[in-house]
Every structure is written in structure tokens, then in C-alpha cells.
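Step one of this worksheet: look at the structure below.
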Amino acid sequence: MKLDPRAKMVMALCLSGLALVYNSPLHLLLLLAVTVALLLSFRFELSAIGSYLKPFLSLMLFLFLIQCLFSPSGRVLLAVGTLPLVTTGGLLTGAGVVLRIVVVTAAAMLLATFSSRDFILGLVQWKVPYELAFMVFIALRFLPVFRDELVNVVTAVQLRGVDLKKVPWGQKIAMYSRLLFPVIYGAMLKAQRLAVSMESRGFRVYPRRTYLRRLNFRFVDYMVMLVFPVITIMLIVLQVS
Amino acid sequence: MAFLEIDQVSFTYPKHDKPVLTEIDLQFDRAGITAVVGPNGCGKTTLTKLMIGVLQATEGEIRLTGRPIADFSLAEIGRRVGYVFQNPDLQLFCGTVAEEVGFGPANLGYEPAAVAERVGFYLDYFELTAYRNTFPMHLSHGEKQRLAIAAVLANEPDFLILDEPTTGLDAYRKRLLEDYLKKIARSGRGMILVSHDTAFVDRVAERVIVLENGRVIEDSRRKGKAADEA
Ligand SMILES: Nc1ncnc2c1ncn2[C@@H]1O[C@H](COP(=O)(O)OP(=O)(O)O)[C@@H](O)[C@H]1O
Ligand SMILES: [Mg+2]
């Protein structure tokens, strides 16, 4: 199926919005199924979601455990003395949090099914200033760069002989906070270098840009952009009331 | 038993079908300078990444001091083998040049005074003292390269792997690096040097391994190099 990038953006926004509103794992699973079906219809390689989420796996596990332990409700499955450790309610809340992250990531992948040029073009035709559209695009592009940068730094730190798993928590936090700034700044320098190379190739030289192609909405695009928000708003109203 | 053994190792990147390395069999002792040479893309960097456990062999086994490398954590490997990446941007992560050099020693538990002394020594040797408070990412490529080498050497590991350490260095800095590498070799530590720089390899290496299309096509010893120039 071919859709206008802007229709896909609307889709991604609606799906992420719903993921934030829903709490129950069942609802979130349904939402995930819809997102995956859409991705498949755009011929998206699903395994990319897995590799995207992999660095965040331990964080997700951590969130899951925290939710499990600290929001006890329902039937107690495991207890230490009188203290409920694992409860049905806690498990469900934990699963909900993890599923929400997965759905939002999967919805964001809808944005990866069109080219960056189409993305900018789409926004510009909506009268979004080119510079702003470009910045949004860079931010989207920047997230994976930043994630790769983190993976690199974690590898480099360990190869200097530091066993991150064995460093006590207090020291670990101190080390991370000391490294955070240089890593963010370094990643920004890399992004800036990208921007410089764009400017040197004529970005923003002329006040008005011309485009070879125009994106045109087709009937199905209008339908998507009407149906998705309407259903989303209905579902949100139903959920909240 | 050799310090580092590569035993019938093949490697294919995930989701690729063509192997990058095929049936590599090599041993390295903790002595002397070995050069790994070969055309672009023949798998030199991949081979070194396998040696330090950043990548895992698809087939075969790599052993460090007789133990499979998979049994070591990255940090345990890092304390035995110093690795200088081909791209220095990937291994500089501190706020200043001095912190970068001191990071390893400080985290290995040396006293602040001892760390400061080492930092002073390596900054001086690699002529980085003037930049001691500079943000590493603001350095030029050659300076970053020197800093990355200094930061790894400051850990004083038993064995060193340097991936293309001479790119971005001028003739004078190459000479300095050459002297230092020879000095390390004479102090009874081993080293693998990946390089395109045939003149540099000719000057320092006692053993040269030629890689082509992911296979070792030559592994020869050259007498009368490096160590005897003492
Ligand atoms: N992360 C990667 N994923 C897939 N293929 C890679 C990756 N890194 C390197 N390669 C491929 O592996 C081959 C060997 O690369 P490399 O080890 O970097 O060669 P060299 O260091 O000798 O120039 C090249 O064909 C390269 O394209
Ligand atoms: Mg290489």
C-alpha cells in the first residue's frame, strides 16, 4: 500500500496517543497488532523493531520489575511473610508499561517507511518552514545516532578496564553523570558536522526553495487522515469517561 | 601456550551471507610486533574486533591465555589487551584530554598522585600537554589519534592492538610512535599493528601477516627488526 508521508505521520501520532491512554495489556496488545499489520502493509522489516529496542531491554526489564513490585493489587502470587511480592495486578501493570514502549516504538517505525526527502517535502507543503521541517527530521535521525553513540561509549569504557556490572551504584551514577555531557556534546558535534556539510552543499542559500516533485493527496490519504483521528478521539473519550 | 590463539575462526556479519573471515588460524605471543596488512575491506578491523570480544566468531574459537574469550567480560579483556580503534571518535568519551588519559588508571584503583604522574608522562610524550583541558572532540584527527593511543597506553596493558594508528600522523609523529612501540616491545609486551603504511610496517614489524579476501595468505617473520635496535 502506498500512502502520503503525511497520512503516515497522522497514523503514527494516533497510535502513539492511544498507547499513552491505554493501560491494560489487552488493549495495548490489540494496538500492537494493528501497528504491526500496518507496518507489514508498508513492507517494513519487523526485525528492525527488535534491534532498535535491544539496547533498552534492561531498562524495560527494570521498569517491569519496579511496576510489579510497587503497584500490588489483585491476587497475591508470591509473598515474603505478609509482604506481597508478585501480584496479578502488579504483573499486568508491568506488562502494560513494557507493551506501551513497544507500541510507541513500532508506531515510530511508520515514519521509517518513507524517505527523509518525502518527509520534509510533506511538512513544507503544509506551510511548515523548511528549516523547522529539517530540524524535526534531524531530531528523528538523531535518535538512532545517539543510541549508537551510547553503545560505542559503553563498549569503549569497558575496554578501558571498567567492569560496569561490578561498579557499585553510587559510583556508577557519578561516572554516568560525568560522561553524559561529553557524550551528548560529542553526538551534537557530529550532527552539526552533518549540518555544515549540508550548508556547504547549498542548503538555505536561496530564500525560496524549489521542489521538483509535489506530493499529492489521493483519496485513500484523505480517508486515513479522517478515519484515524476520529477513531482515536472516540476511543480516548470512551477510555477517559 | 600462546597469549592469544585464533583457532579455525570464521566470521559472517549478521544478515549477510558472504563470510568476511574464513578459517583463520593464528597465534600471538606476548612479545614482538606483528603487522597485519592487506587491501581495504579484507577484514583486518573485523579480525581485531573478534580478538577483543566486541564481535563473536561464527565458527571456531579465540582463546586468551588459554581460556575461551567468551568467558571474559569486556573489562577483563580490556585490562589485558589495549585496543586502539581505527576511528578515534569512537573511543574518546571524557570531558578533557587529561581526564581521558587518566580514566583507565583512575578506575583501575591507582592513587590520585600516581594517576596524575602517569597523565603527565603520557601527555608529555605524545605532545598533548598544551591541550590538557581541551574537549577531546575539538582536537584535529591526528591529535585525537595520539590521544586515543595515549589513553590506551596509560593503562599499561600486557598486549596492544592498534588499528591503523598512523593515519593522520605526520612523519615526525610517526617516528615518535615508532620509537614508543619499539620501547614497549622491548619491555616484553606484545603488539598487533594493523596498517596500510608499508614503510611504517617495514620499520617496526618482526612478523607480517597478509590478509586477502578474509584469508591469511602469508605469515612471515622478518629477522633483525625492532627488538634488536636497543
Ligand atoms: N558492521 C558491519 N556490517 C556488515 N558488514 C561489515 C560491517 N563492518 C564491516 N563490514 C564489511 O566487512 C568487510 C571487512 O571490513 P573491515 O574488517 O572493516 O576491513 P578492513 O579493516 O580490512 O578495511 C568489508 O567488506 C566491510 O564492508
Ligand atoms: Mg579497517
message: Of the candidates B:I217, B:I77, B:I62, which one comes out as most mobile in a Gaussian network treatment of chain B with C-alpha springs shorter than 10 Å?
response: B:I217
task: Report, in debye and to the nearest 20, how large the dipole of the protein assembly as shown comes out about its Cα centre when Lys and Arg carry +1 and Asp and Glu carry -1 on their Cβ.
output: 1580 debye
- line: Amide H neighbours of B:L160 at under 5 Å, excluding residues fewer than 5 places away on the same chain, with H built from the backbone geometry, are B:G82, B:G190, B:M191, B:I192
- request: May I ask what percent, to the nearest 5, of DSSP beta bridges between residues of the protein assembly as shown are antiparallel?
  value: 55 percent
- prompt: For region B:109-228, what log10 I(q)/I(0) values come out of the Debye formula at q = 0.10, 0.11, 0.16, 0.24 1/Å, with one point per alpha carbon and no solvent?
  reply: -0.35, -0.42, -0.84, -1.54
Peptide A:174-187, shielding by other chains (average Cβ, 10 Å cutoff): 3
task: Sorted from largest down, give the three principal axis spans of the alpha carbons of region B:148-189, whole angstrom values.
output: 27, 19, 15
query: Can you give the accessible area per residue of the protein assembly as shown, in Å², using a 1.4 Å probe?
result: 52 Å²
- request: Let me see the pair-distance distribution of the protein assembly as shown: every alpha carbon pair, 10 Å bin width, integer percents in order.
  value: 4, 15, 22, 22, 18, 13, 5, 1, 0
field: Full-extension gain in nm, B:L108 to B:S73, via 0.36 nm per residue minus C-alpha separation
entry: 11.1 nm
statement: So the carbon and sulfur contribution to the accessible area of chain B, 1.4 Å probe, in percent, is 48 percent
statement: Computed ³J(HN,Hα) along region B:208-218: with the Karplus parameters 6.51/-1.76/1.60, θ = phi - 60°, integer Hz and x for glycine or proline, the list is 10, 10, 9, 10, 8, 6, x, 10, 7, 9, 7
statement: Simple SL model, points at 7 angstrom along Cα→Cβ for A:S47 and A:K172; separation in nm is 3.0 nm
message: Taking the full set of protein chains and a 1.4 angstrom probe, give the accessible area of B:V54 in square angstrom, rounded to the nearest 10.
response: 50 Å²
query: Between region B:112-166 and region B:3-71, how many Å separate their Cα centres?
result: 26 Å
- prompt: Of B:D202, B:D158, B:D170, which is the most mobile in a GNM of chain B whose springs link Cα atoms less than 10 angstrom apart?
  reply: B:D170
task: Compute the whole-percent fraction of alpha carbon pairs in region B:1-84 spaced more than 18 Å apart.
output: 40 percent
- line: Site B:V210, offset 7 angstrom along Cα→Cβ, radius 14 Å on amide nitrogen, limited to region B:1-26, gives none
- prompt: For chain B, what is the mean residue ellipticity at 222 nm derived from helices alone (per DSSP H run of n ≥ 4: -39500 (n - 2.57); sum divided by total residues; nearest 500 deg cm²/dmol)?
  reply: -10000 deg cm²/dmol
task: Between B:L193, B:L128, B:L160, find the one with the highest GNM mean-square fluctuation for chain B; connect C-alpha pairs within less than 10 Å.
output: B:L128
task: Could you list, in their original order, any pairs among A:K190/B:K174; A:K2/B:K18; B:K18/B:K144; A:K172/B:K44; A:K165/B:K44; B:K15/B:K44 whose Cα atoms are separated by more than 23 Å?
output: A:K190/B:K174; A:K2/B:K18; B:K18/B:K144; A:K172/B:K44; A:K165/B:K44
- prompt: Which whole-Hz couplings ³J(HN,Hα) result when phi for each residue of region A:30-44 is put into the Karplus expression 6.51 cos²θ - 1.76 cosθ + 1.60, θ = phi - 60°, listed in order with x for Gly and Pro?
  reply: 4, 4, 5, 4, 4, 4, 5, 4, 4, 4, 4, 5, 9, 6, 8
query: If you take the accessible area of A alone, add that of B alone, and subtract the area of the pair, what total do you get in Å², probe 1.4 Å, to the nearest 100?
result: 2200 Å²
- prompt: Amide H neighbours of B:E212 under 5 Å, counting only residues 5+ apart in sequence or on other chains, H built in-plane at 1.01 Å?
  reply: B:I217
statement: For region B:98-109, Karplus-derived ³J(HN,Hα) couplings (6.51, -1.76, 1.60; θ = phi - 60°; whole Hz; x for glycine and proline) come out as 5, 4, 4, 6, x, 4, x, x, 4, 7, 8, x
statement: So for R0 = 25 Å, FRET eff. of A:A33-A:F62 from the Cβ-Cβ r, to 0.05, ends up at 0.45
query: What is the percent of Cα-Cα separations in chain B that go past 31 Å?
result: 20 percent
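The values are calculated or read from the model by the stated rules, or taken from the named source; none is laboratory data. Just so we're clear, the structure is a prediction, and the values are computed from it rather than from any experiment. Heads up, the Cβs are rebuilt from the backbone with ideal geometry, glycines too, and the neighbour counts pull from every protein chain shown. Heavy atoms of the whole protein, side chains included, go into the accessibility calculation; ligands, DNA and RNA do not. Shrake-Rupley method; radii C 1.70, N 1.55, O 1.52, S 1.80 Å.
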